[in-house]
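Heads up, the thing below is written out as C-alpha coordinates.
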Amino acid sequence: MQNRTKLVLGLTYFELGDFNQSISYLKDVPSDDENYPRALLALGWCYLKLQQHYKMVKPLEIFVADFQGSEYLPEVYLLLGQAHLKIRLYDKAISYFSQILNRFPSKSENGALLESISGKIAPIEQQIEQQRLDLLLQESKLLQTLHLPSRKWIPGYMKKEIREIEKRRSELLRKIDQEKKSLTEMVQTLQSIRILLKIRARDWRSYAEYGISRALFLKEQEK
(Lines give C-alpha, C1' and ligand atoms only; values in the text may rest on other atoms or scores of the structure.)
Protein backbone atom coordinates (compact mmCIF):
# COMPACT_ATOMS: atom_id res chain seq x y z
CA MET A 1 0.00 0.00 0.00
CA GLN A 2 2.85 2.40 0.87
CA ASN A 3 4.56 1.75 -2.46
CA ARG A 4 1.31 2.38 -4.32
CA THR A 5 0.99 5.66 -2.40
CA LYS A 6 4.51 6.67 -3.49
CA LEU A 7 3.61 6.06 -7.11
CA VAL A 8 0.35 8.00 -6.83
CA LEU A 9 2.08 10.93 -5.12
CA GLY A 10 4.81 10.88 -7.76
CA LEU A 11 2.26 10.96 -10.58
CA THR A 12 0.24 13.66 -8.80
CA TYR A 13 3.24 15.96 -8.44
CA PHE A 14 4.07 15.29 -12.10
CA GLU A 15 0.60 16.49 -13.12
CA LEU A 16 1.10 19.56 -10.93
CA GLY A 17 4.37 20.32 -12.71
CA ASP A 18 6.58 19.80 -9.64
CA PHE A 19 8.92 17.33 -11.34
CA ASN A 20 11.63 17.33 -8.69
CA GLN A 21 9.12 16.43 -5.97
CA SER A 22 7.68 13.79 -8.29
CA ILE A 23 11.13 12.26 -8.76
CA SER A 24 11.70 12.08 -5.00
CA TYR A 25 8.62 9.86 -4.59
CA LEU A 26 9.10 7.78 -7.73
CA LYS A 27 12.69 6.89 -6.81
CA ASP A 28 11.43 5.40 -3.54
CA VAL A 29 9.32 2.74 -5.28
CA PRO A 30 11.36 -0.49 -4.75
CA SER A 31 12.45 -2.64 -7.68
CA ASP A 32 10.51 -5.70 -6.43
CA ASP A 33 7.20 -3.84 -6.34
CA GLU A 34 4.54 -4.26 -9.02
CA ASN A 35 4.47 -0.47 -9.49
CA TYR A 36 8.19 -0.29 -10.29
CA PRO A 37 7.82 -0.31 -14.13
CA ARG A 38 5.40 2.61 -14.05
CA ALA A 39 7.71 4.47 -11.67
CA LEU A 40 10.61 4.01 -14.11
CA LEU A 41 8.53 5.29 -17.00
CA ALA A 42 7.35 8.29 -14.98
CA LEU A 43 10.95 9.06 -14.00
CA GLY A 44 11.85 9.18 -17.68
CA TRP A 45 9.09 11.71 -18.30
CA CYS A 46 10.15 13.81 -15.31
CA TYR A 47 13.74 14.06 -16.53
CA LEU A 48 12.47 14.89 -20.02
CA LYS A 49 10.38 17.76 -18.64
CA LEU A 50 13.43 19.00 -16.71
CA GLN A 51 15.54 18.61 -19.88
CA GLN A 52 17.93 16.36 -17.97
CA HIS A 53 18.38 14.02 -20.90
CA TYR A 54 21.36 12.10 -19.58
CA LYS A 55 19.39 11.18 -16.46
CA MET A 56 16.51 9.88 -18.57
CA VAL A 57 18.57 7.01 -19.88
CA LYS A 58 19.24 4.92 -16.77
CA PRO A 59 15.65 4.28 -15.53
CA LEU A 60 14.41 3.68 -19.07
CA GLU A 61 17.21 1.23 -19.90
CA ILE A 62 16.38 -0.67 -16.70
CA PHE A 63 12.80 -0.83 -17.96
CA VAL A 64 13.92 -2.19 -21.34
CA ALA A 65 16.16 -4.80 -19.69
CA ASP A 66 13.62 -6.08 -17.17
CA PHE A 67 10.14 -5.52 -18.60
CA GLN A 68 10.14 -6.61 -22.24
CA GLY A 69 6.57 -7.81 -21.97
CA SER A 70 5.16 -4.49 -20.79
CA GLU A 71 2.51 -2.61 -22.74
CA TYR A 72 4.49 0.57 -22.05
CA LEU A 73 7.58 -0.64 -23.91
CA PRO A 74 6.95 1.34 -27.15
CA GLU A 75 6.61 4.52 -25.08
CA VAL A 76 9.90 3.73 -23.33
CA TYR A 77 11.67 3.18 -26.65
CA LEU A 78 10.28 6.51 -27.85
CA LEU A 79 11.63 8.33 -24.78
CA LEU A 80 15.01 6.63 -25.12
CA GLY A 81 15.15 7.69 -28.75
CA GLN A 82 14.36 11.27 -27.79
CA ALA A 83 16.95 11.26 -25.00
CA HIS A 84 19.70 10.07 -27.33
CA LEU A 85 18.67 12.62 -29.94
CA LYS A 86 19.20 15.35 -27.36
CA ILE A 87 22.63 14.03 -26.30
CA ARG A 88 23.61 13.65 -29.98
CA LEU A 89 24.00 9.89 -30.01
CA TYR A 90 22.09 9.60 -33.25
CA ASP A 91 22.81 5.95 -34.09
CA LYS A 92 21.61 4.95 -30.64
CA ALA A 93 18.49 7.04 -31.09
CA ILE A 94 17.80 5.38 -34.44
CA SER A 95 18.21 1.93 -32.87
CA TYR A 96 15.57 2.70 -30.23
CA PHE A 97 13.13 4.23 -32.71
CA SER A 98 13.64 1.16 -34.91
CA GLN A 99 12.53 -1.06 -32.03
CA ILE A 100 9.11 0.58 -32.27
CA LEU A 101 8.94 -0.14 -36.01
CA ASN A 102 9.84 -3.76 -35.27
CA ARG A 103 7.00 -4.04 -32.75
CA PHE A 104 4.48 -2.45 -35.10
CA PRO A 105 4.82 -3.89 -38.62
CA SER A 106 4.44 -1.90 -41.82
CA LYS A 107 1.00 -0.88 -43.07
CA SER A 108 0.49 -4.01 -45.18
CA GLU A 109 1.74 -6.34 -42.46
CA ASN A 110 -0.16 -4.43 -39.82
CA GLY A 111 -3.32 -4.74 -41.90
CA ALA A 112 -2.91 -8.51 -41.99
CA LEU A 113 -2.36 -8.55 -38.23
CA LEU A 114 -5.44 -6.44 -37.57
CA GLU A 115 -7.46 -8.62 -39.95
CA SER A 116 -6.33 -11.69 -38.03
CA ILE A 117 -7.30 -10.13 -34.70
CA SER A 118 -10.63 -8.98 -36.14
CA GLY A 119 -11.22 -12.51 -37.39
CA LYS A 120 -10.83 -13.80 -33.85
CA ILE A 121 -13.04 -11.09 -32.39
CA ALA A 122 -15.86 -11.50 -34.94
CA PRO A 123 -17.07 -14.95 -33.76
CA ILE A 124 -17.14 -13.68 -30.18
CA GLU A 125 -19.26 -10.72 -31.28
CA GLN A 126 -21.61 -13.10 -33.11
CA GLN A 127 -21.97 -15.25 -30.01
CA ILE A 128 -22.71 -12.19 -27.90
CA GLU A 129 -25.31 -10.97 -30.41
CA GLN A 130 -26.97 -14.39 -30.43
CA GLN A 131 -27.07 -14.40 -26.63
CA ARG A 132 -28.59 -10.93 -26.68
CA LEU A 133 -31.31 -12.07 -29.09
CA ASP A 134 -31.98 -15.15 -26.95
CA LEU A 135 -32.44 -12.91 -23.92
CA LEU A 136 -34.86 -10.68 -25.80
CA LEU A 137 -36.87 -13.76 -26.79
CA GLN A 138 -36.91 -15.07 -23.22
CA GLU A 139 -37.99 -11.67 -21.98
CA SER A 140 -40.84 -11.56 -24.49
CA LYS A 141 -42.03 -15.08 -23.60
CA LEU A 142 -41.82 -14.29 -19.91
CA LEU A 143 -44.00 -11.23 -20.27
CA GLN A 144 -46.53 -13.14 -22.35
CA THR A 145 -46.78 -16.38 -20.37
CA LEU A 146 -46.92 -14.72 -16.97
CA HIS A 147 -49.57 -12.15 -17.79
CA LEU A 148 -51.82 -12.24 -14.79
CA PRO A 149 -55.48 -11.17 -14.59
CA SER A 150 -56.80 -8.45 -12.32
CA ARG A 151 -56.65 -9.51 -8.67
CA LYS A 152 -60.29 -8.68 -7.99
CA TRP A 153 -61.29 -11.75 -10.06
CA ILE A 154 -58.92 -14.05 -8.16
CA PRO A 155 -59.95 -16.02 -5.04
CA GLY A 156 -58.32 -14.83 -1.82
CA TYR A 157 -56.39 -18.06 -1.23
CA MET A 158 -54.52 -17.55 -4.54
CA LYS A 159 -53.40 -13.98 -3.91
CA LYS A 160 -50.32 -14.98 -1.94
CA GLU A 161 -49.23 -17.36 -4.71
CA ILE A 162 -49.76 -14.63 -7.30
CA ARG A 163 -47.62 -12.21 -5.30
CA GLU A 164 -44.80 -14.78 -5.32
CA ILE A 165 -45.15 -15.30 -9.07
CA GLU A 166 -45.04 -11.56 -9.68
CA LYS A 167 -42.00 -11.28 -7.44
CA ARG A 168 -40.17 -14.04 -9.36
CA ARG A 169 -41.17 -12.49 -12.68
CA SER A 170 -39.80 -9.09 -11.64
CA GLU A 171 -36.55 -10.69 -10.50
CA LEU A 172 -36.17 -12.64 -13.76
CA LEU A 173 -36.85 -9.52 -15.81
CA ARG A 174 -34.30 -7.60 -13.75
CA LYS A 175 -31.64 -10.27 -14.34
CA ILE A 176 -32.40 -10.39 -18.06
CA ASP A 177 -32.02 -6.63 -18.24
CA GLN A 178 -28.67 -6.83 -16.45
CA GLU A 179 -27.47 -9.51 -18.84
CA LYS A 180 -28.48 -7.42 -21.86
CA LYS A 181 -26.54 -4.45 -20.50
CA SER A 182 -23.48 -6.63 -19.85
CA LEU A 183 -23.58 -8.02 -23.39
CA THR A 184 -23.90 -4.52 -24.84
CA GLU A 185 -20.86 -3.42 -22.83
CA MET A 186 -18.88 -6.42 -24.09
CA VAL A 187 -19.66 -5.53 -27.71
CA GLN A 188 -18.62 -1.93 -27.11
CA THR A 189 -15.38 -3.10 -25.50
CA LEU A 190 -14.52 -5.32 -28.47
CA GLN A 191 -15.20 -2.45 -30.85
CA SER A 192 -12.96 -0.19 -28.77
CA ILE A 193 -10.17 -2.78 -28.93
CA ARG A 194 -10.33 -2.73 -32.74
CA ILE A 195 -10.13 1.06 -32.83
CA LEU A 196 -7.34 1.19 -30.24
CA LEU A 197 -5.22 -1.32 -32.15
CA LYS A 198 -5.47 0.74 -35.32
CA ILE A 199 -4.73 4.05 -33.61
CA ARG A 200 -1.81 2.83 -31.50
CA ALA A 201 -0.13 1.01 -34.37
CA ARG A 202 -0.39 4.07 -36.62
CA ASP A 203 0.72 6.61 -33.99
CA TRP A 204 3.74 4.70 -32.65
CA ARG A 205 5.04 4.11 -36.16
CA SER A 206 4.57 7.79 -37.03
CA TYR A 207 6.53 8.92 -33.98
CA ALA A 208 9.31 6.43 -34.67
CA GLU A 209 9.57 7.28 -38.36
CA TYR A 210 9.77 10.99 -37.56
CA GLY A 211 12.42 10.31 -34.89
CA ILE A 212 14.57 8.34 -37.33
CA SER A 213 14.26 11.06 -39.97
CA ARG A 214 15.21 13.69 -37.42
CA ALA A 215 18.22 11.68 -36.22
CA LEU A 216 19.47 11.14 -39.78
CA PHE A 217 19.06 14.84 -40.57
CA LEU A 218 20.94 15.98 -37.45
CA LYS A 219 23.67 13.40 -38.04
CA GLU A 220 24.15 14.67 -41.57
CA GLN A 221 24.28 18.28 -40.36
CA GLU A 222 27.16 17.49 -38.02
CA LYS A 223 29.38 16.02 -40.73
Residue count, segment 52-65, condition touching a residue at least 12 places away in the same chain (Cβ under 8 Å) and of a type outside the set (Ser, Thr, Tyr), comes to 9
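Show me the helices (runs of 4 or more DSSP H) entirely contained within segment 7-96 in which 1 or more residues are open to solvent by 30 Å² or more (accessible area, probe 1.4 Å) and of a type in the set (Gly, Ala, Ser). Spell out the reasoning first.
Details: elements: 19-26, 36-49, 53-66, 73-86.
The qualifying helices (runs of 4 or more DSSP H) are 19-26, 53-66.
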Selection within segment 69-95 - closer than 14 Å to residue 55 by Cα and over 24 Å from the mean Cα position of the chain (by Cα): 83, 84, 85, 86, 87
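The values are calculated or read from the model by the stated rules, or taken from the named source; none is laboratory data. No experiment lies behind these values; they were computed from the predicted model shown. Positions of Cβ are generated from backbone atoms using ideal geometry, with glycine treated the same way; all protein chains shown enter the neighbour counts. The protein model used for the area step is the full one, side chains on, heavy atoms only, and it has no ligands, DNA or RNA in it. Shrake-Rupley method; radii C 1.70, N 1.55, O 1.52, S 1.80 Å.
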